[in-house]
Amino acid sequence: MKQVAVLGATGSIGASALDVIARHPDRLRASVLAAGRQVDALLELCRRHRPAHAVIADAAGFAALRDGLRDAGLDTRAHCGDAALADLVASDACDTVVAAIVGAAGLPSTLAAARAGKRLLLANKESLVLAGELLMATARDGGATIVPIDSEHNAIFQCLPDAAAHAGLARIVLTASGGPFRGRARASLADVTVEQAVAHPKWSMGPKISVDSATLMNKGLEVIEAHHLFGVAGDRIDVLVHPQSLVHSLVEFVDGSTLAQLGLPDMRTALAVGLGWPERIASGVSGLDLLAQGGRLDFEPPDLEAFPCLRLAFEALAIGGTAPAILNAANEVAVSAFLQRRIGFLSIPAVVESTLGALPAAAAVSLEVLHEADACARRHAEQAASAT
Ligand code: NAD
Ligand code: MG
């Protein structure tokens, strides 16, 4: 029986992970559930999945969680805060960790799982963008197995089953849906609303990643993510817009072969790969009927003028050091300001570009240096957002 900690349990990935886990009561158990602030949603999940531990990040929610668990007659122990979460993740309460907290807030628990040698189902791409070298080294030293959950990286993982395949890798092609504004000119994006930006044509996801998909920053973060996960330089990673979202990415080998992984756009497939690997287990997602899906697969280049965030991410990766951490922090601030309707859509890349341009990237990549870069970038981006 695998004991699975689901971090970000109340979110979109959390729901998909719990759906797959519940299909396999004979082999999978949700033993730890963690969320940010949503006590009621977490309590509901505890009633349904009966974990041994529940963690709420926000200290203000602790009493309500503890009392709610007691009133429901559950044995689940209540905890709160980042330190408690990191301790639990490293403990024998779990052997598998689904890292699906959104944003840089996911880094401490992701690192704890890597250090403790867990099977790490990594959805929290921001932790790789912010601290990719450190996280990969920590996982190596800790003996952790990382299974990428981001659909593109999960596809690449499936195409690269062993070191021998990896040695022949020539190029990675990440596919992108293009988001809700695909095909639109930059000038027409000035007045788009939050509702339009989060209405993704193919995937149902949390608000932050939905906005990232609309700006193409999501693909930019994924380029950096792929660089760290698969050890491939930025100039060997390409992006192709593929509006059907059925081909989840492609891997080209030195012999001219290209492998791709296809499937319906439903994150439960990637989660089932991670939970079952190397076995294949049911996910609740049906197989792909290409004719029923319209019978065609289209590809086009990304429009970097309308969506400069993708270019900015490639630039940050090329600069290296703390530049990706600065990019990520500025983007988190800008997206949050957009979601709060404090800035317009086109101000998102403007805030990121201004922050990247203003702050020199440091080469040293200790956790302290990265935290400092993250904090500095957040301050600069807040000012830039207020000034727009
Ligand atoms: P979401 O907004 O739906 O859920 C986020 C979860 O994180 C919630 O459970 C929330 O309570 C929790 N959380 C937020 N701040 C926290 C904190 N400080 N401490 C503890 N928990 C906290 O987001 P999502 O769409 O599920 O995305 C989660 C992560 O997975 C993101 O990094 C995203 O980029 C990545 N991802 C998501 C998808 C998708 O299909 N949704 C696909 C690929 C990658
Ligand atoms: Mg993705």
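The values are calculated or read from the model by the stated rules, or taken from the named source; none is laboratory data. Computed from a predicted model, the values in this text were never measured in an experiment. A quick note on method: Cβ atoms are made from the backbone with ideal geometry, for glycine too, and the neighbour counts reach across all protein chains shown.
Which condition does Ser386 not pass, out of (1) in a loop (DSSP other than H, G, I, E, B); (2) over 22 Å from the mean Cα position of the chain (by Cα), if it passes all the others?
The single condition Ser386 does not satisfy is (1).
Being surrounded by 13 or more Cβ atoms within 10 Å (Cβ to Cβ), at pLDDT 95 or above and among the acidic types (Asp, Glu) is true for just one of Asp238, Asp191, Asp255, Asp289. Which residue is that?
It is Asp238.
Kindly provide the set of residues from the range 198-216 that are assigned to a helix (DSSP H, G or I), over 14 Å from the mean Cα position of the chain (by Cα) and surrounded by fewer than 24 Cβ atoms within 10 Å (Cβ to Cβ), ordered by number. Outline the logic, then answer.
Taking the range 198-216 first, the residues assigned to a helix (DSSP H, G or I) are 198, 207-215.
Next, from what is left, pick out any that are over 14 Å from the mean Cα position of the chain (by Cα): 198, 214-215.
Residue satisfying the conditions is Val198 alone.
Would you confirm whether or not the range 271-283 contains a residue that is closer than 30 Å to Ala318 by Cα and among the aliphatic types (A, V, I, L, M)?
Checked the range 271-283: no residue is closer than 30 Å to Ala318 by Cα and among the aliphatic types (A, V, I, L, M).
If I filter the range 292-313 for residues that are out of contact with any Leu (no Cβ under 6 Å at 6 or more places or on another chain), modelled with pLDDT of 95 or more, more than 21 Å from Asn218 (Cβ to Cβ) and among the hydrophobic types (A, V, I, L, M, F, W, C), do I get at least one hit?
Yes; the residues of the range 292-313 include at least one that is out of contact with any Leu (no Cβ under 6 Å at 6 or more places or on another chain), modelled with pLDDT of 95 or more, more than 21 Å from Asn218 (Cβ to Cβ) and among the hydrophobic types (A, V, I, L, M, F, W, C).
Take the conditions surrounded by fewer than 24 Cβ atoms within 10 Å (Cβ to Cβ), under 30 Å from Glu372 (Cβ atoms) and in contact (Cβ under 8 Å) with a residue 40 or more places away in the chain and apply them to Gly142. Does it pass?
no
Does at least one position in the range 59-71 carry a residue that is in a loop (DSSP other than H, G, I, E, B) and either of a type outside the set (Asp, Glu) or touching a residue at least 12 places away in the same chain (Cβ under 8 Å) (or both)?
No: zero hits.
Give the residue that is nearest to Ala83 (Cα to Cα), with candidates limited to residues of the range 93-116 that are part of a strand (DSSP E or B) and within 16 Å of ligand 2 (Cβ to nearest atom).
Just the residues of the range 93-116 that are part of a strand (DSSP E or B), to begin with: 96-99.
With within 16 Å of ligand 2 (Cβ to nearest atom) added as a condition, the list becomes 98-99.
Details: Val98: 17, Ala99: 15 Å.
If we take residues in the range 93-116 being part of a strand (DSSP E or B) and within 16 Å of ligand 2 (Cβ to nearest atom), then Ala99 is nearest to Ala83 (Cα to Cα).
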